[in-house]
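Below: the structure, in structure tokens.
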Amino acid sequence: MSSLTLCDIAKKLKKIDFCMMATRASSGAIAKRQPMSNNGDVEYDGDSWFFSFEETHKVSEIIRDPQVALAFAEPPSLLAKPGIFISIEGAATLIRDKGQFQEHWVADLERWFAQGVETPGLVLIKVHGDRIQYWDGEDNGVIHALG
């Protein structure tokens, strides 16, 4: 039985900027990506949002198989208590609508996407977490997201 709720996990994820995204390569192997930033854009329904360039292996792999995994790790506390580790399995959706880009855009993204939401080849990746596992050194559990 999980003692954390989906709302608790979302609050934790807002404080963990970077994660590793895993996709399924054409060979069937699991492919990990460079760290991806969620920019604190985590809704209470289990959705995480990431910007990327369209012409990447991860996007072509998501087109082929939308099932992905995200791995988040929080650093230890000042008292050396382990931070929380969160693994999210879910389906990725590719969004090319500039209106939705605007809804999820933060100024810090211009570091990677210099022309903002007008950056050629920009795509928004929405990952809806179906199964969320966590461990914080004392507690662990599994949460199944709704919808």
- Message: Can you tell me which condition residue 103 does not meet? The list is (1) under 19 Å from residue 10 (Cβ atoms); (2) in contact (Cβ under 8 Å) with a residue 12 or more places away in the chain, and all the others hold.
- Response: (2)
- Query: Take the residues of the stretch 109-124 that are part of a loop (DSSP other than H, G, I, E, B) and not aliphatic (A, V, I, L, M): which is nearest to residue 56 (Cα to Cα)?
  - Reply: 121
- Mind telling me which of the residues 108, 136 ends up being open to solvent by less than 40 Å² (accessible area, probe 1.4 Å) and at pLDDT below 90? 136
- How many residues does the stretch 94-104 hold that are under 14 Å from the mean Cα position of the chain (by Cα) and outside any strand (DSSP E or B)? 1
- Item | The listed residue being modelled with pLDDT of 90 or more and either in a loop (DSSP other than H, G, I, E, B) or open to solvent by less than 70 Å² (accessible area, probe 1.4 Å) (or both), out of 91, 80 | 91
- Query: What are the residues in the stretch 1-37 that are out of contact with any strand residue (DSSP E or B) (no Cβ under 9 Å at 6 or more places or on another chain) and either polar (S, T, N, Q) or more than 14 Å from residue 86 (Cβ to Cβ) (or both), if any?
  - Reply: 26, 27, 28, 29
- Query: Which one is farthest from residue 130 (Cα to Cα), of the residues in the stretch 26-56 that are among the hydroxyl-bearing types (Ser, Thr, Tyr), touching an Asp or Glu at 6+ places or on another chain (Cβ under 9 Å) and outside any loop (DSSP other than H, G, I, E, B)?
  - Reply: 37
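Please go through the stretch 57-77 and give me each residue that is part of a loop (DSSP other than H, G, I, E, B), without any contact (Cβ under 8 Å) to a residue 40 or more places away in the chain and surrounded by 14 or more Cβ atoms within 10 Å (Cβ to Cβ), ordered by number.
Taking the stretch 57-77 as the starting set, the residues that turn out to be part of a loop (DSSP other than H, G, I, E, B) are 65-66, 74-77.
Next cut, without any contact (Cβ under 8 Å) to a residue 40 or more places away in the chain only: 66, 75-77.
Selection gives 66 alone.
Residues of the stretch 38-48 being in contact with a strand residue (DSSP E or B) (Cβ under 6 Å, 6 or more places away or on another chain) and either among the aromatic types (Phe, Trp, Tyr) or within 21 Å of residue 108 (Cα to Cα) (or both), which ones?
38, 41, 42, 47, 48 - these are the residues of the stretch 38-48 that are in contact with a strand residue (DSSP E or B) (Cβ under 6 Å, 6 or more places away or on another chain) and either among the aromatic types (Phe, Trp, Tyr) or within 21 Å of residue 108 (Cα to Cα) (or both).
The values are calculated or read from the model by the stated rules, or taken from the named source; none is laboratory data. Values in this document were obtained by computation on a predicted structure and should not be read as measured data. In this analysis, Cβ positions are derived from the backbone assuming ideal geometry, glycine residues included, and neighbour counts consider all displayed protein chains. Side chains included, ligands, DNA and RNA excluded: accessible areas come from the protein's heavy atoms. Shrake-Rupley method; radii C 1.70, N 1.55, O 1.52, S 1.80 Å.
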